[in-house]
1. Answer with yes or no whether Ile226 is within 15 Å of the ligand (Cβ to nearest atom), within 34 Å of the chain's Cα centre (by Cα), touching a residue at least 12 places away in the same chain (Cβ under 8 Å) and assigned to a helix (DSSP H, G or I).
2. Being among the hydroxyl-bearing types (Ser, Thr, Tyr) and either away from the ligand (no atom under 13 Å from the Cβ) or closer than 24 Å to Ile114 by Cβ (or both) narrows it down to one residue among Ser288, Ser264; which is it?
3. Report yes if Glu327 is within 21 Å of Phe234 (Cα to Cα), acidic (Asp, Glu), surrounded by fewer than 20 Cβ atoms within 10 Å (Cβ to Cβ) and under 35 Å from the mean Cα position of the chain (by Cα), otherwise no.
4. May I ask you to say which residue of Asp51, Asp88 is at pLDDT 85 or above, of a type outside the set (Ser, Thr, Tyr) and loosely packed, with under 15 Cβ neighbours inside 10 Å?
5. Given the structure, is Glu209 open to solvent by less than 70 Å² (accessible area, probe 1.4 Å), closer than 22 Å to Arg117 by Cα and near the ligand (Cβ under 9 Å from one of its atoms)?
6. Anything in the range 248-261 that is within 11 Å of the ligand (Cβ to nearest atom) and open to solvent by 50 Å² or more (accessible area, probe 1.4 Å)? List them, or say none.
7. So, in the range 229-243, of the ones that are assigned to a loop (DSSP other than H, G, I, E, B) and in contact (Cβ under 8 Å) with a residue 24 or more places away in the chain, which residue ends up farthest from the ligand (Cβ to nearest atom)?
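The values are calculated or read from the model by the stated rules, or taken from the named source; none is laboratory data. Since we're looking at a predicted model, the values are computed, not measured. Here the Cβ positions follow ideal geometry from the backbone for every residue, glycine too, while neighbour counts run over all protein chains shown. Accessible surface is based on the protein model in full, side chains and every heavy atom, while ligands, DNA and RNA are left aside. Shrake-Rupley method; radii C 1.70, N 1.55, O 1.52, S 1.80 Å.
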Amino acid sequence: MQQKLEELLNEVKTASVSDAAQLEEFRIRFLGTKNCLKPLFSELKNVPNEDKKSVGQQINELKNAAQTVFDQFNEQLSNEANEEEKVDFSRPGEPNNIGARHPISVIRKEIIAIFERIGYGVSEGPEVEDDWHNFSALNFPEEHPARDMQDTFFVEKGDKEMALRTHTSSVQVRVMESSKPPIRTISPGRVFRNEAISARAHCFFHQVEGLFIDKDVSFADLKQTILFFAQEMFGKKTEIRLRPSYFPFTEPSAEVDVSCTICSGKGCNVCKYTGWLEILGCGMVDPSVLEAVNIDPKEYSGFAFGMGIERIAQLKYRVNDLRLYSENDVRFLKQFKSAF
Ligand code: 2NL
């Protein structure tokens with residue numbers, strides 16, 4: 001009897017219940033109509049008289065202990081159930097911060113898409129270049145100031161002096177060296193200039209350069225290509241204007257303006273009351289550049305152009321501080337919605 005009581009008390013004390021079914025099992029065993037304490041009460045008549053009182057008390061204590069343990073588990077389980085019920089499914093969802101595409105990427109993809117529609121492919125190349133691909137092949141004279149320490153970042157690569165490319169024309173030199181005309185390619189990429197960082201200048205920025213080489217390519221082809229690009233980018237009513245200019249790798253060379261995207265040419269503070277905004281530089285590929293890459297300038301001619309992606313983004317989005325493009329503040333970046 002004594003042993004049985006101790007066993008049961010131990011069972012009650014060490015019981016663990018993790019769901020409603022187990023709790024019900026515990027209730028039936030210790031507190032139900034046919035609970036396991038009932039036989040103990042009936043056996044009480046066989047206990048010697050002098051022990052009856054204490055054994056009776058022990059059975060009652062066991063019963064109370066079972067009730068207490070049951071109540072505890074019962075409360076614990078119903079709390080857990082309530083916890084689940086407390087989830088409010090009518091609440092709006094937590095905002096999912098997935099970030100946004102960088103405006104430079106958006107514009108780059110837009111420029112690529114426009115030129116792909118007229119048969120251009122995309123070419124890429126290294127950011128660390130040798131002197132030949134960045135300068136010599138592009139007709140930069142030995143003493144040209146653009147090679148100067150002021151504009152170019154020079155880096156050591158083994159015993160070779162290399163440069164961080166100052167334009168992506170270097171990529172196009174590689175394309176011309178490794179393929180035969182006709183060539184229609186654009187090369188987007190990051191370029192580097194040794195300049196102090198300000199709202200208007202940065203030591204790195206992004207460019208898209210274009211190159212078209214075939215038989216009988218003319219300046220008229222260049223103008224129409226640029227006009228097509230300008231109208232696709234800034235709207236069908238956009239006009240272009242070419243001003244004579246100079247680049248070592250093109251002759252003749254021109255700078256291209258578009259009619260102001262804000263005032264359509266009437267004059268405003270964005271175009272400084274000129275009605276025009278500069279977007280790119282271009283020209284006919286200099287024959288000495290073709291010679292440098294073993295393309296016969298008597299058989300082939302070509303045009304090339306180059307534009308800053310930041311500049312195009314600035315005009316499209318009216319962002320006036322270049323530094324915003326490299327700071328990557330999400331509050332800035334999230335303002336640019338795009339189809340890409
Ligand atoms: C500008 C002007 C230009 C080119 C880039 C080029 C490339 C080869 C041969 C000849 Cl391989 N020219 N590129 C030509 C004229 C202008 O860029 O202001 N870019 C931001």
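1. Yes, satisfied.
2. Just one listed residue meets the conditions, Ser264.
3. No: the conditions fail for Glu327.
4. Result: Asp51 is the single residue among Asp51, Asp88 that is at pLDDT 85 or above, of a type outside the set (Ser, Thr, Tyr) and loosely packed, with under 15 Cβ neighbours inside 10 Å.
5. Against the criterion (open to solvent by less than 70 Å² (accessible area, probe 1.4 Å), closer than 22 Å to Arg117 by Cα and near the ligand (Cβ under 9 Å from one of its atoms)), Glu209 qualifies.
6. Glu251, Pro252
7. Lys237
So that you can scan it fast, the table gives a plain yes or no per residue for (1) among the polar types (S, T, N, Q); (2) over 21 Å from Gln207 (Cα atoms); (3) away from the ligand (no atom under 15 Å from the Cβ):
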site: Gly125; (1), (2), (3): no, no, no
site: Ala137; (1), (2), (3): no, no, no
site: His144; (1), (2), (3): no, yes, no
site: Thr166; (1), (2), (3): yes, no, no
site: Val171; (1), (2), (3): no, no, no
site: Val175; (1), (2), (3): no, no, no
site: Arg184; (1), (2), (3): no, no, no
site: Pro188; (1), (2), (3): no, no, no
